[in-house]
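Pasting a structure below so you can have a look.
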Amino acid sequence: MLKVACLPSHPFEKLVARKKRQGSEAVVEALLPPCSHSTRLVATLIQKLQHHLALSPSNPSRLSANNNDAAKFAQIPSWVSLKRTSSSSSEKTPPLQLGRVENLHLVSLSKQAKLKEAREFLEQMDKAGVSVSPRSYESLLEACRNLESLSVGRYIHERLRRTVKNPSGFLENCVLRMYCDCGSLVDAQMVFDEMAERNLGSWVVIMSAYAQAGFLEKSFWLFSDMIEFGIEPNSVIYTGLLKYLVNPSLVEIGRQVHSHVIRSGLSSIVAINTAICNMYVKCGWFDGAKLVFNQMDEKDSVAWTGLMVGYTQARKQRDALDLFVKMLMEGVELDQFVFSIVLKACAGLEDLNLGRQIHGYIVKLGFETDVSAGTPLVDFYVKCLNFESACRAFERISEPSDVSWSAMICGYSQIGNYEEAVKIFTSLRNNSLVLNSHIYTSIFQACFALADFNLGAQAHADAIKRSLISHLYGDSALVSMYSKCGRLDYATRAFESIPAPDTVAWTAIISGNAHHGNASEALELFGRMQDCGVRPNAVTFVAVLTACSHSGLVTEAKRYMDSMHSQYGVDPTIDHYNCMIDIYARAGLLQEAFELIKNMPFDPDKTSWKCLLGGCWTHKNLELGKIASENLLQLDPEDAAGYILLFNLYASSGKWEEAARVRKLMTERNLKKELSCSWITVKGKVHRFIVGDKHHPQTEEIYLKLEEFNHSMTMMNDENGLLTKEDVSSTFPERKEQLLVHSERLAMAFGLISTPTNTPIIIFKNLRACKDCHDFAKHLSDITGRRIVVRDACRFHHFQSGQCSCNDYWVHASMSSVSVTINGLLGVENLRFHFHLCL
DNA sequence: CTAGGGTTAG
C-alpha cells in the first residue's frame, strides 16, 4: 500500500493540535449571541467615514442588539456516547426508553462520520431486536450524503424499506437527497417516482440535482410537470434553478425564470432577488444585474457581496471597492463574507496599504479570528508577498479550514520553502484533517520544485484515492511534476489522460519534451495543440524555443519567433529574446547573437549576456566574450557565474595571466563557486554526494564499483588524449584523482549497486554536467546496458548504449534559476544548501 | 429540513 512518507515531527504538528483544541472553544463561542459591541463599532465606523466624506447621515442606524438565549444551551454536548451516559447516570435520572441509548449512539456515530462502526452497530441492534428510530435514519442518511458513500446509503435505504412501513415525507426526502448527493440520479429518480407523497422539498431536491449535474433541460421539464400537478412553486424552487444558470448561453432561460418569479408575486423577497441578480452576473448580463439590484427595496450584505463578485470577476477591482464604500455609507450591516471579496479586490490591485486598512476594520469588528475573514486575509498577504503578515493573520484564526491551510501552503511555496509546504501537508494528513484538490495541486508543484519523484508519486496516488485531482489545475501540475522528476513517460501518461487539455496543460507537456531533448516531439505537440484549437501563450513559446535551443534548430526557432506576434498575437518578451540569443550563441552564430542583444526592444539582462558569454566560451571568441563578461559583471558584480565563464574563456585560449587575474578578482570579492552535489533516490531515501564524499555507509562498495569503470575509462581517455577539464568545476585546478570521484560518479556507482538492472538510474545534479562525467555516463551506459538519466542545472540527459539524448549539444548553465533549500544532507547534517534548479 | 454571497491552485 502506498503511504505518504512520514516526515520528522514538526512545529506544525503542535500548531495543528492546538488549533484542534481551540476548535471546541470556538464552537461554544459561535453559539453565543452576536457581540453587540461589534455592531456598535460598525455604526461608529460609518459615522467616521461619513464625517470624513462630509456627508450627513442618510438614515439612522438600523442596527440593534440582537439578544437571545442561545448562550444558555452552549454547554449541551451535541452527542452522547453510551459510555458517558451509563457512567454519569445517577439515581435521579428517569429510566430511559427502550433503545433510546442505542439510537443516540447511532446518531453520535453518524455525526462523527463513523459509517463503518454505525453499520456494525446497526447489525448488533438487529440481533438484539432493538428498533431503529426515524431520527437515527435521518442522521445515517445525512452521514452517507456528506461522505458520498453510495454503498452504505443503499444499505440504509434497503433496511429502511424493510423495517419502516410508512416513512414520513421528510424521511423519504432524506433518502432522495442521499442518492442525489451520492451522485446516483438513477436511484434518486426511482425513489422520486415511487414516493407516496411528494412535497415541495422533494421537487426542490430532484430538480436541483438534475440542474447541478448539468441536465438543465430535465430540471425544467420537472418544473413544468410540477406546475401541471397544480403545485405552486415557492422561492426555494426558483433559487434552486437560478443557482445553476451560470454562463452567458443560459441568460435567456434566466430571463424566463425571472419573469415567472415576477408573475408569481415572489419578487419582493430579498433572497430571490439576490439569486436573480447573481444569476445575471454569472451569465454576464451586468446591466440586468444592476437593474435588479437597484430596484431592491432592502439590500443586505449578501446582495452587495454578490454584485461585488461580479465586479471582481470582470477585473474591475476599483468598482468593487467603490461599491464597498457605498455599502458602508448606506449603513448595511457587515458580515465576514463581505471581506473575502473586498480583500480579493485588494489582492488583485496588490495594494498593500488598502488591504492593511481593511485588515484594521476586520480587527475592529472582531472578525479577525473568523475563518471566513481570516483566510482571505492570509491569502491577501501572500499575494502581496508579505509572508510574515500572512503567518500572523493565520495565527489569529481560531478554527482554520482546509482553505486556510491551503493559503499557507501557497505562502510557503511562494517564498521557496517547499519543504515546509510539504510538512504542513503531511501534518494535515496525519491528523486526518480535511484536504482539498487545491492543496494537492500545490503539493505536486512543491514536489517538482524539490524534484522529489517519490513523494510526488505518493501524493498522486493519495489524491487518486480521495478523488482530489483538480481538472486541468491538478492535471497540469502532475505533468510538470513528473517531467521535472525525470519521468517523461509518466508525464506523457498524465497528459494523455486529460480529456480536453488547455493552454497550460499543453505547455507543460511541450516544455517537458523540450527539456528532455525531444525537440521533434515537442514541436509535433505544438502542432497538435493548434489542431485542437488551443491557443499558445507566451510561456508556450518559451517551451517551443527551448526545444529548438536544445537541438540546435536555428532556422525553425527564427521562424517561430517571427510568427509569434503576426500569427498568434503573442508579444515576445525578454525571455523569448534570451532564448533566441542562446540559440544563436550555442550554434556559434555569435555575431547574430550580439546583434540581437543590441537591437532587441528590451535592455539586455544578466541572462542575455550569460547566453552570449557561454557561446563565446564554447566557440572560443575572446573578443565578444570580453564584451559580454564586462556587461555581465556590471549588471551583477556578485554573480560568480560571470567570472567562471570568463576564467574558462581565458584558460581555453591559453591566456593564463588573464585567467589568473579573474581568479584573483573572485577571491578578492570573496566569491565562491557553488559546491557541486549530486543525488539519487533509492527506495524513497535520498542519497546525496559531494566530490570525494566518504560519508555513505556503503562507501567501500561504491568506490570499488567506481574503480572498475574508472580504470577502463582512463585507459580509453589516455589513448585518445581526451582528459580535458573544460567544465565549470575546473575553475580551480584540481587533481586528476578528484575528477574520478565527482559527485555524479559516486551517485551513478551507488545507483548501479542498489537498483534493479531493469530500471533507469536517475541522478540529479545542482550544476551543469561536466564533460568528463558526461563521457563517463555514456561509457557506463554502454558497458552495463543500463539506462541512465542525469538532470543537470540545464536539462535532462538520457544515456543509452553509449549515446546521450543531448547529442553532446549542451553548453552552459544559464537561464533563470530557482533557489531551493534542502535539509538533512547526507553526512553533512543540518547544513543548508542552495541548489540551482533551472527547470 | 426551510432560500441568496466569499476565500485556496496549474
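The values are calculated or read from the model by the stated rules, or taken from the named source; none is laboratory data. Treat the numbers as computed from the prediction; the structure is a model and nothing was measured. No Cβ is skipped: glycine too gets one built from the backbone with ideal geometry, and neighbour counts run over all protein chains shown. Each accessible area value is taken on the protein alone, full model and side chains, heavy atoms only, with ligands, DNA and RNA left out. Shrake-Rupley method; radii C 1.70, N 1.55, O 1.52, S 1.80 Å.
From (1) open to solvent by 10 Å² or more (accessible area, probe 1.4 Å); (2) farther than 21 Å from A:F444 by Cβ; (3) out of contact with any Lys or Arg (no Cβ under 7 Å at 6 or more places or on another chain); (4) away from DNA strand B (no atom under 13 Å from the Cβ), pick out the condition that doesn't hold for A:L525.
Every condition holds for A:L525 apart from (2).
Still on this structure: Can you pull out the residues in the stretch A:288-300 that are among the basic types (K, R) and either more than 9 Å from DNA strand B (Cβ to nearest atom) or buried (at least 23 other Cβ atoms within 10 Å of the Cβ) (or both)? If you could, list the steps in order and put the result at the bottom.
Taking the stretch A:288-300 first, the residues among the basic types (K, R) are A:290, A:299.
Answer for the stretch A:288-300, where residues must be among the basic types (K, R) and either more than 9 Å from DNA strand B (Cβ to nearest atom) or buried (at least 23 other Cβ atoms within 10 Å of the Cβ) (or both): just A:K290.
Let me confirm something: among A:A446, A:A459, which residue is within 10 Å of DNA strand B (Cβ to nearest atom) and open to solvent by less than 10 Å² (accessible area, probe 1.4 Å)?
Values: A:A459 fails: within 10 Å of DNA strand B (Cβ to nearest atom).
Of the residues listed, the single one that is within 10 Å of DNA strand B (Cβ to nearest atom) and open to solvent by less than 10 Å² (accessible area, probe 1.4 Å) is A:A446.
While we're looking at this one, here's another question. Pull up the stretch A:214-240, narrow it to residues that are more than 16 Å from DNA strand B (Cβ to nearest atom) and of a type in the set (D, E, K, R), then point me to the one that is most open to solvent (accessible area, probe 1.4 Å).
A:E228
Additional query: Taking the conditions exactly as written (over 23 Å from A:I227 (Cβ atoms) and more than 8 Å from DNA strand B (Cβ to nearest atom)), does A:A303 satisfy them or not? First the steps, then the outcome.
Details: over 23 Å from A:I227 (Cβ atoms): yes; more than 8 Å from DNA strand B (Cβ to nearest atom): no.
Answer is no for this residue.
For the stretch A:623-680, give me each residue that is surrounded by fewer than 19 Cβ atoms within 10 Å (Cβ to Cβ) and touching a Leu at 6+ places or on another chain (Cβ under 6 Å).
Listed by number, the residues that qualify are A:A640, A:S653.
Which condition number in (1) within 11 Å of DNA strand B (Cβ to nearest atom); (2) open to solvent by 60 Å² or more (accessible area, probe 1.4 Å) is the one that A:W285 fails?
(1)
I need a count of the residues in the stretch A:603-622 that are under 17 Å from A:Y643 (Cβ atoms) and open to solvent by less than 50 Å² (accessible area, probe 1.4 Å).
Here is the first cut: in the stretch A:603-622, the residues under 17 Å from A:Y643 (Cβ atoms) are A:606-607, A:609-614, A:616-617, A:622.
Those still in the list that are open to solvent by less than 50 Å² (accessible area, probe 1.4 Å) too: A:607, A:609-614, A:616-617, A:622.
Adding up the residues that qualify gives 10.
Hey, could you check the stretch A:397-418 for residues that are more than 11 Å from DNA strand B (Cβ to nearest atom) and outside any helix (DSSP H, G or I) and say which is least open to solvent (accessible area, probe 1.4 Å)?
A:G416
Name the helices (runs of 4 or more DSSP H) wholly inside the stretch A:430-508 in which the number of residues that are under 12 Å from the mean Cα position of the chain (by Cα) and not hydrophobic (A, V, I, L, M, F, W, C) is 1 or more.
Values: elements: A:437-449, A:453-465, A:473-484, A:488-496.
In the stretch A:430-508, the matching helices (runs of 4 or more DSSP H) lie at A:437-449, A:473-484.
Could you grab me the full set of residues in the stretch A:333-386 that are touching a helix residue (DSSP H, G or I) at 6+ places or on another chain (Cβ under 7 Å) and basic (K, R)?
Correct list: A:K344, A:K364, A:K383.
Can you tell me which of A:C532, A:C447 is within 17 Å of A:R791 (Cβ to Cβ) and without any contact (Cβ under 8 Å) to a residue 40 or more places away in the chain?
Working: A:C532 fails: within 17 Å of A:R791 (Cβ to Cβ).
Within the list A:C532, A:C447, the selection yields A:C447.
Tally up the residues in the stretch A:429-440 that are within 12 Å of DNA strand B (Cβ to nearest atom) and touching a residue at least 40 places away in the same chain (Cβ under 8 Å), please. If you could, list the steps in order and put the result at the bottom.
Restricting attention to the stretch A:429-440, the residues satisfying the condition of being within 12 Å of DNA strand B (Cβ to nearest atom) are A:434-440.
From what is left, the residues that are touching a residue at least 40 places away in the same chain (Cβ under 8 Å) are none.
So the count comes out to 0.
Let me ask you something else. Among A:I464, A:I469, A:I424, which is within 13 Å of DNA strand B (Cβ to nearest atom) and without any contact (Cβ under 8 Å) to a residue 60 or more places away in the chain? Steps first, please.
On the way: A:I464 fails: within 13 Å of DNA strand B (Cβ to nearest atom); A:I424 fails: without any contact (Cβ under 8 Å) to a residue 60 or more places away in the chain.
Matching residue, one of A:I464, A:I469, A:I424: A:I469.
Kindly indicate the residue of the stretch A:267-282 that is farther than 13 Å from A:Q313 by Cβ and touching a His at 6+ places or on another chain (Cβ under 9 Å) and also farthest from DNA strand B (Cβ to nearest atom) among those meeting that condition.
A:S267
Run A:A451 past the list (1) at pLDDT below 95; (2) surrounded by fewer than 21 Cβ atoms within 10 Å (Cβ to Cβ); (3) small (G, A, S) and report the number of the one that doesn't hold.
The single condition A:A451 does not satisfy is (2).
Any residue in the stretch A:166-191 that's not assigned by TED's automatic domain parsing to the domain that holds A:L140: show its pairings with residues that are within 13 Å of DNA strand B (Cβ to nearest atom) at Cβ separation under 8 Å, as long as the two are six or more apart or on different chains.
Nothing qualifies.
I'd like the full set of residues that are touching a Cys at 6+ places or on another chain (Cβ under 9 Å) and either over 16 Å from A:R100 (Cα atoms) or outside the structural domain of A:C182 (by TED's automatic domain parsing) (or both), limited to the stretch A:110-145.
Within the stretch A:110-145, A:L115, A:L141, A:E142, A:C144, A:R145 meet the criteria.
Taking the conditions exactly as written (within 7 Å of DNA strand B (Cβ to nearest atom) and either over 16 Å from A:C346 (Cα atoms) or of a type in the set (F, W, Y) (or both)), does A:C391 satisfy them or not? So that I can check it myself, show each step before the final result.
Numbers: within 7 Å of DNA strand B (Cβ to nearest atom): no; either over 16 Å from A:C346 (Cα atoms) or of a type in the set (F, W, Y) (or both): yes.
Criteria not met by A:C391.
Could you tell me whether the stretch A:483-494 includes any residue that is near DNA strand B (Cβ under 9 Å from one of its atoms) and β-branched (V, I, T)? Before you say what the answer is, go through the steps one by one.
Kept after step one, since they are near DNA strand B (Cβ under 9 Å from one of its atoms), are these residues of the stretch A:483-494: none.
Checked against the condition, which is being near DNA strand B (Cβ under 9 Å from one of its atoms) and β-branched (V, I, T), the stretch A:483-494 yields no hits at all.
So that you can scan it fast, the table gives a plain yes or no per residue for (1) of a type in the set (S, T, N, Q); (2) open to solvent by less than 50 Å² (accessible area, probe 1.4 Å); (3) closer than 30 Å to A:V789 by Cα:
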| site | (1), (2), (3) |
| --- | --- |
| A:F541 | no, yes, yes |
| A:V554 | no, yes, yes |
| A:S566 | yes, no, no |
| A:I581 | no, yes, yes |
| A:F594 | no, yes, no |
| A:P601 | no, no, no |
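Condition first: under 38 Å from the mean Cα position of the chain (by Cα) and among the acidic types (D, E). Now tell me which residues in the stretch A:179-208 satisfy that.
Residues satisfying the conditions are A:D181, A:D187.
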